[in-house]
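*Asks:* Below: one structure in structure tokens.
The values are calculated or read from the model by the stated rules, or taken from the named source; none is laboratory data. The structure displayed is predicted, hence computed values, not measured ones. Quick reminder, even Gly has a Cβ in these numbers, built from the backbone with ideal geometry, and neighbours come from all protein chains shown. Protein only, heavy atoms only, side chains kept; ligands, DNA and RNA dropped before computing areas. Shrake-Rupley method; radii C 1.70, N 1.55, O 1.52, S 1.80 Å.
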Amino acid sequence: MNLEEFEKRFNFIKKPFKTKDLSDFSKKLIKEKQDVSFLKDIILLKQEYHRIYFQVQIGLLNNMDEKLKFIEDNFDLLNDWWHVDQLEQFIAKDLEFDYIYEKAKEYVKDERTFVRRWGYVIFMPKLVKDKKAIKLFDLFKNNNEYYDVMAQAWLISYLAIYFPNETYEYIKSRKLNYNIIGKAIQKICDSFRISNEYKLSIKELRKLYK
């Protein structure tokens, strides 16, 4: 397949593009073992191809080492917050906590904002359920950049679901600045999977930061 053939098939997808439609199209290409590496040079110009490029090329790979190497080799193309948040689902079936945790320790120290974000969102929603996910509290770092703040707050809110006591104690410890903790508390309070009683107790911790 070349770009011309790809675009002929792609043009049958109804506009405006829906995530499910793009995903279904990608799955067909994976099933056919179609290499779409030719999209790499244009995905920053045509965002509708961005998801397809990553989903298909990752889907054609055989193991987690290959998949993560592909993502790492394409880190400079991850300047799109939405896409970074979606990447986890393309590798979800192969995720193993210890391996990913070691990778994430390096990702969250990267100079690139969306690589750091990837280091946090890679754990959601699958790996944050792992009993070893208690170790994730060690990944958090004070940062003022919006996408760092929101990624960490989001992950803390997930930890509150599966490790409520530990999350409470972590917030109480004041290891992070309020710019992150405040967003985490907000996300916890927005969650439908957390009890109102717990939300009230977490809200009370705001007083420690004032």
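*Asks:* Considering (1) over 14 Å from the mean Cα position of the chain (by Cα); (2) closer than 16 Å to Leu44 by Cβ; (3) open to solvent by less than 20 Å² (accessible area, probe 1.4 Å), say which one Val84 fails and leave the rest.
*Replies:* Here Val84 clears every test but (1).
*Asks:* Please determine, by comparing only the residues of the range 106-116 that are part of a helix (DSSP H, G or I) and over 14 Å from Leu155 (Cα atoms), which one is most open to solvent (accessible area, probe 1.4 Å). So that I can check it myself, show each step before the final result.
*Replies:* Pass one, the range 106-116, residues part of a helix (DSSP H, G or I): 106-107, 113-116.
Right, trim to over 14 Å from Leu155 (Cα atoms) and you get 106-107, 113-115.
Numbers: Glu106: 111, Tyr107: 12, Thr113: 30, Phe114: 39, Val115: 2 Å².
Checked the range 106-116; the qualifying residue most open to solvent (accessible area, probe 1.4 Å) is Glu106.
*Asks:* Can you go through Lys69, Lys93, Lys103 and tell me which one is over 25 Å from Ala153 (Cβ atoms) and within 15 Å of the chain's Cα centre (by Cα)? Can you show your working first?
*Replies:* Numbers: Lys69 fails: within 15 Å of the chain's Cα centre (by Cα); Lys103 fails: over 25 Å from Ala153 (Cβ atoms).
The match here is Lys93.
*Asks:* Shifting gears a bit: Name the one entry in Asp76, Asp41 that is within 26 Å of Arg116 (Cα to Cα), part of a helix (DSSP H, G or I) and open to solvent by 80 Å² or more (accessible area, probe 1.4 Å). Steps first, please.
*Replies:* Working: Asp41 fails: part of a helix (DSSP H, G or I).
Step by step, each of Asp76, Asp41 is checked, and only Asp76 is within 26 Å of Arg116 (Cα to Cα), part of a helix (DSSP H, G or I) and open to solvent by 80 Å² or more (accessible area, probe 1.4 Å).
*Asks:* Moving on to the next point. Would you check if Tyr107 is within 25 Å of Gly59 (Cα to Cα) and of a type in the set (Phe, Trp, Tyr)? Please lay out each step first, then the result.
*Replies:* On the way: within 25 Å of Gly59 (Cα to Cα): yes; of a type in the set (Phe, Trp, Tyr): yes.
Answer is yes for this residue.
*Asks:* Report yes if Ala151 is in contact (Cβ under 8 Å) with a residue 12 or more places away in the chain, closer than 30 Å to Leu22 by Cα and either touching a Gly at 6+ places or on another chain (Cβ under 6 Å) or exposed (fewer than 13 other Cβ atoms within 10 Å of the Cβ) (or both), otherwise no.
*Replies:* On the way: in contact (Cβ under 8 Å) with a residue 12 or more places away in the chain: yes; closer than 30 Å to Leu22 by Cα: yes; either touching a Gly at 6+ places or on another chain (Cβ under 6 Å) or exposed (fewer than 13 other Cβ atoms within 10 Å of the Cβ) (or both): no.
For Ala151, the condition - in contact (Cβ under 8 Å) with a residue 12 or more places away in the chain, closer than 30 Å to Leu22 by Cα and either touching a Gly at 6+ places or on another chain (Cβ under 6 Å) or exposed (fewer than 13 other Cβ atoms within 10 Å of the Cβ) (or both) - is not met.
*Asks:* For Ser191, state whether it is small (Gly, Ala, Ser), more than 18 Å from Leu208 (Cα to Cα) and either out of contact with any Phe, Trp or Tyr (no Cβ under 9 Å at 6 or more places or on another chain) or open to solvent by 50 Å² or more (accessible area, probe 1.4 Å) (or both). Outline the logic, then answer.
*Replies:* Numbers: small (Gly, Ala, Ser): yes; more than 18 Å from Leu208 (Cα to Cα): yes; either out of contact with any Phe, Trp or Tyr (no Cβ under 9 Å at 6 or more places or on another chain) or open to solvent by 50 Å² or more (accessible area, probe 1.4 Å) (or both): no.
Here the answer is no, as Ser191 does not meet what is asked.
*Asks:* Now for a separate question. Which of the residues that make up the range 4-37 are in contact with a helix residue (DSSP H, G or I) (Cβ under 9 Å, 6 or more places away or on another chain), open to solvent by less than 60 Å² (accessible area, probe 1.4 Å), in a helix (DSSP H, G or I) and not small (Gly, Ala, Ser)?
*Replies:* Phe6, Phe10, Leu22, Phe25, Leu29, Ile30 - these are the residues of the range 4-37 that are in contact with a helix residue (DSSP H, G or I) (Cβ under 9 Å, 6 or more places away or on another chain), open to solvent by less than 60 Å² (accessible area, probe 1.4 Å), in a helix (DSSP H, G or I) and not small (Gly, Ala, Ser).
*Asks:* Something else now. Does any residue of the range 117-140 turn out to be among the hydroxyl-bearing types (Ser, Thr, Tyr), open to solvent by less than 10 Å² (accessible area, probe 1.4 Å), out of contact with any Asp or Glu (no Cβ under 6 Å at 6 or more places or on another chain) and closer than 27 Å to Asp73 by Cα?
*Replies:* Going through the range 117-140, the residues among the hydroxyl-bearing types (Ser, Thr, Tyr) turn out to be 120.
When the remaining residues are screened for being open to solvent by less than 10 Å² (accessible area, probe 1.4 Å), the result is 120.
Within this subset, residues satisfying the condition of being out of contact with any Asp or Glu (no Cβ under 6 Å at 6 or more places or on another chain) are 120.
Next, from what is left, pick out any that are closer than 27 Å to Asp73 by Cα: 120.
Yes; the residues of the range 117-140 include at least one that is among the hydroxyl-bearing types (Ser, Thr, Tyr), open to solvent by less than 10 Å² (accessible area, probe 1.4 Å), out of contact with any Asp or Glu (no Cβ under 6 Å at 6 or more places or on another chain) and closer than 27 Å to Asp73 by Cα.
*Asks:* State which residue pairs qualify: first residue at pLDDT 95 or above and inside the range 29-40, second residue open to solvent by 40 Å² or more (accessible area, probe 1.4 Å) in any location, beta carbons under 6 Å apart, and separation of 6 or more residues or different chains.
*Replies:* Sorted first by the residue in the range 29-40, then by its partner, the pairs are Gln34/Met1; Phe38/Leu3.
*Asks:* Applying the selection to the range 44-58, what residues are acidic (Asp, Glu) and not in a helix (DSSP H, G or I)? Even if it seems obvious, please write down each step before you answer.
*Replies:* Step one: list which residues in the range 44-58 are acidic (Asp, Glu), which gives 48.
Across the range 44-58, there are no qualifying residues.
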